[in-house]
Amino acid sequence: MDVNVTTVQNILLVQNQRKKKKCHGNLKDQRFRRKCRAKGMKSRNIEKLLLRRKLIHHKKKNPADNTMKFNNKPGHENVSSTEINLMRNLTKRKRDISAQDIKSNTRISKSTSSISVAQPKLKKLKRRTNLNTAMTTTITNNTAYKYYRRPIYLKRSPMILIQMLTNIINYNFKKKEERIFLCRRLDLLDKYYYLQVHQQLWQSYSDIGIQQHRWPDQLYTMAKTNDFQICQKYLDNYINTIKKEIDTCHIQLNNQAQSYPVTTLSLDQLDHYLKAFVDCQRKYLSMRNNKQLQKFIDNFHEKQLFETISAYHLTIVDQNQYINRLMNIREKQATIYEELLMLEMRVLCKFLPKNFDQLEQFIAPMIYSALNNDQKMIEVRNKRYKTIQEAKRIWLNVFLKSYEVQLQEYDQQYENEFLQLESHLLNNTNINGSCVYQQIQQHMNYQTNKLKQQVSMKIRSLRGILIKNRRRSSSAKNTVGVWPEPYLDLLTNVFNRYEWKYLSFGPSCIRINQSAIRPRHQQEIAIQKDHKSIYEKVRSHLNEHYFVPMTATILKQYSSQLLHDLNLSYFSPLSYNDQTLALKQAKKVVSIQRKIKKHHLILRVTDKGYNFYIGTEKEFDKKAQNFFQDTNAFIELKENPFNKIQDNVIHLLNQIRAKNFIFQWQYNKMMSNRIKCQLAHLYFNPKTHKDGIPVRPIENTINAPTTNISNYLDEIIRPIFDKECQNTTIIDGTSLIQALHQYMRKGLFKSTTLFCTFDIRNLYTMLPQEEALDILVEFLHVHGYTKVEGIPSETIRLLASIVLKENVFVYGKNIYQQVLGGAMGSSFTLTLANIFMWKWQKELVRRQDMTGEYYGRYIDDVFMTWNKSENALKQILENANTWHPNIKLEYKISKSRPFLDILLTNINGTLSTSVYHKPAAEPYVVPFISDHPRHVFENIVQTSLRRAIKYSSTFQLFNDERRYIESTFLYNGNPSSFIDKTFRKLFSDYISSRSFLPFLDNEAQFVQMHIELSGQPSRQQSQVEMRIATLTTDNEHLVEESDKKQEFAIQENKKPNEFQNKLIIHYTHEKRFNTRKRDLHRIFQETFVSTPIIETKLIVGNRNQKSTMKELIRKLQDRQY
């Protein structure tokens, strides 16, 4: 059919009557083209999509003209070239056009054949356009539904919806009629669901209002009356109107059912799946309605409370006056709180205020350009970027502190007013003062929460505007932000802004719902894997502890119920937003992988920054080769010695087992798995905080031939070291603070006391192997251990020797052997390095003990106190540098020194301690968008706060660290509401319920928490104590294998079996499985409810999907090794 040209001409005349600036094309179209180009789309596809948008836009603006654009056949579309040309220029800005020019444009429409020749591009869009037409044709019927609002998921691409439904229903909708019916049916069912939920809400309003015999002020405003009966009549009419719309929708569903085109799937089955799908998409409606109902009820309760308070006639004090003063303070706080939330929302939206961008003007622009030295250019650029970033973070911290100070000042005023009111009420003998006080406090708490909710809702509503403005802002894309970003060791960034944003989420981020976008058969494989893992653990536990037969009926019942529940959870509908987000993230990962491969890039995690490093393979390989040359600890092998190493390990274990130096269970524990065994592989992490970006080697020995021997030696020898050297070993920051407090109690800490820290350069790779083995035997003999776990010391030396000397690994396409030191990444190397340092440090420890000074060591980092001259200490350390040719130390001396994660300062004889953040460390934690269980984010916040309380010696230092923690979580996408909720949960026992912010108010509250937490051992301290407790005292007598089993059985019978009543199972976590833990508990209880098994404590843990680091970083060697 021809286009209604007159309608389009009228539109153009109205547009041309407005005087506008001259512009080359429509700005909206230009922005749309830029977005598409950023996504990598071709210009031809962009123009197709733009034309389609304009056609849909014109249909929505002119619904009456839509009938002119379709043939009588359903779903068939025929567009003339006149319409296309006019629609292309519909929103384009032009000069004024006279009426004569417009008349000259009205020419005879072209024939069908000429249309097909002139516009061949529309053929490819035919299928998608028809589906969109099917979805949009129902929009015209929405005018009959006064209270229905079409959701976003129905306005998006119908192809994604069809793919989701195909996966859920397990039926492929191939025919066009089936897809059109599916889309229309889904649209009607969504209307029906929405109207029913809407009716339930207003019916609940009516029931509560009649019960309370009052209505909220908002309803009186809607009804335009103050009369209760008239308002009730208005509400009844409102509900009846909704009922009529529900009846109309029900009739339309019945009429549509008569034209059901699918023969292999019944309509009832289809409706069942579609209703479940709609319920998943519209789940937010029930949550929103529950909040509104609760608000409705709270409004009544608050009114009753205020009437009760106002009814009191107090002689001494006017309660209304006090309430007005208190509300005045709260309103001022709400104004400041709104500004604070707005700033935090800008941080979350990555769109800081303009005054932050002015900080870049104070730092010199990038004018340096090195000649033929790209690496120097990159280094200078990154240092400038880091400087600006740190300056903005400091400035943001100043802003947050200023807002907090103002809110706390008003909190103090509020508290003083309440104390005055309390004293007046308690002194009044005419009434129950405490009761009135409690009622006023409840009223003010309600009003405070109401103010906070209003401010929060206002800020949340501005989030979309901020994001929109950020996308349109050209300056926001070029300015330096405060958020953690990858370290770019390249001249130009090859990633687009979407890929760069995903890389900025960091190595710990997990894509959302990874398995949801996989084909159905892959999800079925995952179901079988989860089912097998859980069922095998349950079956073996019940067979071992409750003697339940493997083929018991109750186990089969549990298996079938578990499998049914897993199928439901895997194939239940997923919300449209989660589905599209999962698809987008998967596409970004694939795109990043392709670019890394195309441009020969390398992706690694920085050594102490916890963010990504991006550089070229060529330059990174140069850094690795420099490391090999500097250490001289590795030699390259020409042949693969894997079989030889395997034979050596087996030969040694067979030899010492034949001589009864080890037991059979020890032999089995140290023997390698021939199927999984492979050579170790080496990779490097870049040290971006040092000049030239050197690298730190890390060897992955998880499946190496000597790994089992290394793990067992570490298991039996490390407890001995922990016990015998605990006086000179620093476990963590908490143990160092405790040791220094003990040093202060001796009266040795003075205003002149100096702190000295030094570290050993490349300790792991500089250990002399033979000497280290000799020192290991000496260490055991000195402390009276001729045997450990029944193994002679010489046998231990043989086992340790093969771990050190058969350390062969793959790097790239080459094979290397380490001839000096041990593998950095092997568990036994750490213990051996500690024992080697025990020998080396003897002289230093002796001198410190003679003067009463403190000496502590954490692997290769040493902390010392000193009360003599600084030159004398330097002389001792310079002499220590000559004690061993391989041990070279770098020392620093001052009254303020960082050690591990703690900063220690001597302030005129007072020890000040606080949390220390290394300059290279980025403020990075697991981003809130990551698909981790929700409790993980809460645990991270609380762990950081507990560490801050334990490490901070003053209230001011704690507040500084608390603001740093809050900023860090804001940088990583944690909402302000979540941060406040977690803070309040931790501080709830120490802060007042009237506090506006969830922070500690004064020094007394902090000191109370500091004392309580300081007395608790840290996790590392508990681990060391447990290792020492498991140390065997009798190592002299060899026990035969049968005796060992008998002795073990006797010990087990003497003590209660702690694992009999504990069953630990794991599942693979995803966001869509948020109820999986409760479901597993429910299935277990329903199955074993009437048996003794119900007494078993079921502990459900989770496994996570692959993180970004595992998806993007490839460190494994080729299969040939």
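What to note about this one:
- The range 615-671 - Debye-derived log10 I(q)/I(0), Cα point model, q = 0.13, 0.17, 0.19, 0.26 Å⁻¹: -0.61, -0.71, -0.76, -0.99
- The separation of the range 829-861 from the range 643-708, counted between C-alpha centres, amounts to 28 Å.
- Estimated translational D of the range 888-971 in µm²/s (Stokes, Kirkwood radius over Cα pairs; 4 °C; 1.567 mPa s): 89 µm²/s
- When the alpha carbon coordinates of the range 402-477 are projected onto the principal axes, the ranges are 68, 23, 8 Å, largest first.
- For the chain, the longest principal axis of the C-alpha atoms and the axis of helix 319-348 are separated by about 80°.
- Solvent-free Debye scattering, log10 I(q)/I(0), computed from the Cα coordinates of the range 648-790 at q = 0.11, 0.16 Å⁻¹: -0.70, -1.18
- P(r) tail for the range 145-311: Cα pairs beyond 26 Å make up 43% of the total.
- Inter-centroid distance (Cα atoms) of the range 583-619 relative to the range 503-517, Å: 14 Å
- The residue among Ala391, Asn416, Ile378 whose Cα reaches farthest toward the positive pole of the charge dipole of the range 315-482, with charges on the beta-carbon of Lys, Arg, Asp and Glu, is Ile378.
- Computed magnitude of the charge dipole of the range 315-482 (debye, nearest 20; Cβ of K, R +1, Cβ of D, E -1): 1360 debye
- Pairs from the list Lys597/Lys813; Lys39/Lys468; Lys295/Lys1077; Lys477/Lys981; Lys690/Lys1110; Lys174/Lys584 with a Cα-Cα gap above 22 Å: Lys295/Lys1077; Lys477/Lys981; Lys690/Lys1110; Lys174/Lys584.
- Annotation note: GluC sites (Glu not before Pro) in the range 590-661 located in DSSP loop regions with a Cβ neighbour count of at most 16 within 10 Å are Glu639.
- Helix 158-169 vs. the chain, principal-axis angle (Cα, 0 to 90°, nearest 10): 60 degrees
- Distant-in-sequence amide H partners of Met824 (H built 1.01 Å from N, under 5 Å): Glu699
- Scalar couplings 3J(HN,Hα) for the range 196-207, obtained by applying the Karplus form with A = 6.51, B = -1.76, C = 1.60 to θ = phi - 60°, are 5, 5, 5, 5, 4, 4, 6, 5, 5, 4, 5, 5 Hz; x denotes Gly and Pro.
- Summary of the geometry: the range 879-933 and the range 753-805, compared by the centres of their Cα atoms, lie 26 Å apart.
- Of Cys349, Tyr337, Gln453, farthest towards positive along the dipole that unit charges on Lys, Arg, Asp, Glu beta carbons give the range 315-482: Cys349
- Shown here: log10 I(q)/I(0) by the Debye sum over Cα atoms at q = 0.05 Å⁻¹, derived from the displayed model; of the candidates (1) -0.49; (2) -0.54; (3) -0.38, it corresponds to (1).
- Taking the inverse of the mean 1/r over every pair of distinct Cα atoms in the range 500-564 gives a Kirkwood hydrodynamic radius of 14.6 Å.
- Net charge contributed by nearby residues that have their C-beta within less than 12 Å of Tyr743 (K/R +1, D/E -1): +2
- Along its principal axes, the range 587-724 has C-alpha extents of 57, 38, 37 angstrom, given from the largest down.
- Its Cα centre serving as origin, the chain has a Cβ charge dipole (Lys and Arg +1, Asp and Glu -1) of approximately 8060 debye.
- Diffusion coefficient of the range 939-1023 by Stokes-Einstein, Kirkwood radius over Cα pairs, 37 °C, 0.692 mPa s: 245 µm²/s.
- From least to most packed, judged by other beta carbons within 10 angstrom and beginning with the fewest, Cys435, Cys725 follow the order Cys435, Cys725.
- The range 632-915: radius of gyration over Cα atoms, expressed as a fraction of 2.2 N^0.38 Å: 1.12
- ³J(HN,Hα) computed for each position of the range 669-679 - Karplus, 6.51 cos²θ - 1.76 cosθ + 1.60, integer Hz, glycine/proline x: 6, 8, 6, 7, 8, 5, 6, 8, 5, 7, 5
- Of the residues Met1026, Met864, the one with the fewest other Cβ atoms within 10 Å heads the list, and the complete ranking is Met1026, Met864.
- Coupling constants for the range 281-291 follow from the phi torsions by the Karplus curve (6.51 cos²θ - 1.76 cosθ + 1.60, θ = phi - 60°), and in residue order they are 5, 9, 4, 5, 5, 5, 5, 5, 5, 4, 5 Hz; glycine and proline get x.
- The range 315-482 - convex hull of alpha carbons, volume per residue in Å³: 120 Å³
- Extreme residue, positive dipole direction of the range 632-915, given options Tyr667, Thr752, Val803 (C-beta unit charges): Thr752
- Helix 1076-1087 vs. the chain, principal-axis angle (Cα, 0 to 90°, nearest 10): 80 degrees
- His884 long-range amide H proximity, modeled H, under 5 Å: none
- Charged neighbours of Thr765, selected by a Cβ distance under 13 Å, balance to 0 (K, R count +1; D, E count -1).
- Put simply, the amide H of Thr1068, placed in the peptide plane, has neighbours under 5 Å in Arg1103, leaving out anything fewer than 5 places away on its chain.
- Cβ-placed point charges (K, R +1; D, E -1), dipole of the range 632-915 about Cα centre in debye, nearest 20: 260 debye
- Calculated mean residue ellipticity, 222 nm, the chain: -19000 deg cm²/dmol, from DSSP H runs (n ≥ 4) at -39500 (n - 2.57) each, averaged per residue and rounded to 500.
- The range 591-638: C-alpha gyration tensor shape, a/c 1.5 cut-off, then a/b vs b/c: oblate
Readers should treat all values here as calculations from the given coordinates under stated rules, not as data from a laboratory. This structure is a prediction, so every number in the text was calculated from the model and none was measured. Reconstructed Cβ throughout: ideal geometry from the backbone, glycine too, with neighbour counts over all protein chains shown.
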